[in-house]
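**Student:** Pasting a structure here, questions to come.
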Amino acid sequence: MNPLKLAVIVGSNRRDSLNRKLAEALVRLGGNRVAAHFVRIDDLAMYSIDIDSDQDRPEAVRRFNREVSEADAVLVVTPEFNRSIPAVLKNAIDWGSRAAPRGGVWRGKVAAITGTSPGAIGTAVGQQHLRQILGVLGSLVMGGEAYISFKPGLIDEDGTITDESTRDFLQAYMDDFLAVAEKLRAPAPAARAA
Ligand SMILES: Cc1cc2nc3c(=O)[nH]c(=O)nc-3n(C[C@H](O)[C@H](O)[C@H](O)COP(=O)(O)O)c2cc1C
């Protein structure tokens, strides 16, 4: 079977983002079942209806919408900022929500959300906000919870999760997500008869 086209969105625009490291480690756990593509959000202009028209919509926004639309599923790995999601992620979600009527690129999209922070509850509150936003937009957000409290050395240079119980937990999380996303993905167009 063709690998699942997975759009990975990291909710941080920080150069040494912990969440980017986690996202890379999760993609590794997906192995050859996924063809992952990291979708940029740090180059999107701040949403304004003034530039949201067919003539004025920035090229980066068009690219973002296309990349999310073309994916079979989306994995969002995000920090928590002030007990919510970072503005850079909300901005990307807002742009995507305007791409087409009713939910835009998010509608019907299978999504998994997770994230990490050095704090004790590892993005739990931010993820609840994200789950609500994507749910309202019609995404099929995976059940289950994965809140990762980041400790130095949790992910090594190669992108391997060093703590065995965290690795096993996240492997199971990815396995569940990919199984659901594979089940729900649009069938490939049938090959034409010669
Ligand atoms: C503006 C701001 C607000 C933050 N709020 C929270 C918070 O509510 N909960 C939390 O666990 N960490 C919070 N943090 C700490 C982040 O979790 C930490 O900076 C983390 O490394 C950011 O993720 P990143 O490394 O992927 O960019 C906050 C950081 C900033 C800059």
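The values are calculated or read from the model by the stated rules, or taken from the named source; none is laboratory data. Please read all numbers here as calculations on a predicted model, not as lab measurements. Cβ coordinates were reconstructed from backbone atoms using ideal geometry, including for glycine residues, and neighbour counts include every protein chain displayed.
**Student:** Report, by residue number, each residue of the stretch 43-84 that is farther than 29 Å from GLU182 by Cα, within 16 Å of the ligand (Cβ to nearest atom) and touching a residue at least 24 places away in the same chain (Cβ under 8 Å). Write out each step before concluding.
**Tutor:** Let us first name the residues in the stretch 43-84 that are farther than 29 Å from GLU182 by Cα, namely 43-59, 81-84.
Right, trim to within 16 Å of the ligand (Cβ to nearest atom) and you get 81-84.
PHE81, ARG83, SER84, listed by residue number.
**Student:** Hey, could you check the stretch 2-31 for residues that are closer than 16 Å to ALA71 by Cα and surrounded by fewer than 19 Cβ atoms within 10 Å (Cβ to Cβ) and say which is farthest from the ligand (Cβ to nearest atom)?
**Tutor:** Applying the filter and picking the extreme gives ASN2.
**Student:** Could you give every pair whose Cβ atoms fall below 7 Å, whose first residue belongs to the stretch 126-151 and is on the phi > 0 side of the Ramachandran plot and of a type in the set (Asp, Glu), and whose second residue is crowded, with 18+ Cβ neighbours inside 10 Å and not in a strand (DSSP E or B), counting only separations of at least 6 or pairs across chains?
**Tutor:** none
**Student:** Further, regarding this structure: Search the stretch 139-162 for residues being small (Gly, Ala, Ser) and touching a helix residue (DSSP H, G or I) at 6+ places or on another chain (Cβ under 6 Å), and hand back the single one that is nearest to ARG102 (Cα to Cα).
**Tutor:** The selected residue is SER139.
**Student:** Just one of (1) over 18 Å from GLY159 (Cβ atoms); (2) touching a helix residue (DSSP H, G or I) at 6+ places or on another chain (Cβ under 9 Å); (3) within 15 Å of the ligand (Cβ to nearest atom) trips up ALA87, so point out which.
**Tutor:** (2)
**Student:** Further question: Examine the stretch 160-174 for a residue that is closer than 17 Å to PRO79 by Cβ, more than 12 Å from the ligand (Cβ to nearest atom) and exposed (fewer than 14 other Cβ atoms within 10 Å of the Cβ), and state whether such a residue exists.
**Tutor:** Scanning the stretch 160-174, I find no residue that is closer than 17 Å to PRO79 by Cβ, more than 12 Å from the ligand (Cβ to nearest atom) and exposed (fewer than 14 other Cβ atoms within 10 Å of the Cβ), so the answer is no.
**Student:** Which residue is nearest to the ligand (Cβ to nearest atom), if the candidates are limited to the stretch 116-146 and must be in a helix (DSSP H, G or I) and aliphatic (A, V, I, L, M)?
**Tutor:** In this case the residue turns out to be VAL125.
**Student:** What do you reckon, is LYS109 at pLDDT 95 or above, in contact with a strand residue (DSSP E or B) (Cβ under 9 Å, 6 or more places away or on another chain), within 16 Å of the ligand (Cβ to nearest atom) and of a type in the set (Lys, Arg)?
**Tutor:** Taking the combined requirement at face value, the residue does not satisfy it.
**Student:** Return the residues of the stretch 147-172 that are in a helix (DSSP H, G or I) and either of a type in the set (Lys, Arg) or more than 30 Å from VAL105 (Cβ to Cβ) (or both); say none if nothing qualifies.
**Tutor:** Selection gives GLU164, SER165, THR166, ARG167, ASP168.
**Student:** Just checking, does the stretch 108-130 include any residue being within 24 Å of LEU4 (Cβ to Cβ), of a type in the set (A, V, I, L, M) and surrounded by fewer than 20 Cβ atoms within 10 Å (Cβ to Cβ)?
**Tutor:** Checked the stretch 108-130: no residue is within 24 Å of LEU4 (Cβ to Cβ), of a type in the set (A, V, I, L, M) and surrounded by fewer than 20 Cβ atoms within 10 Å (Cβ to Cβ).
**Student:** Then there's this: Output the residue which, of all residues in the stretch 1-56 that are in a loop (DSSP other than H, G, I, E, B) and of a type in the set (Gly, Ala, Ser), is nearest to TYR147 (Cα to Cα).
**Tutor:** Among them, the one singled out is GLY11.
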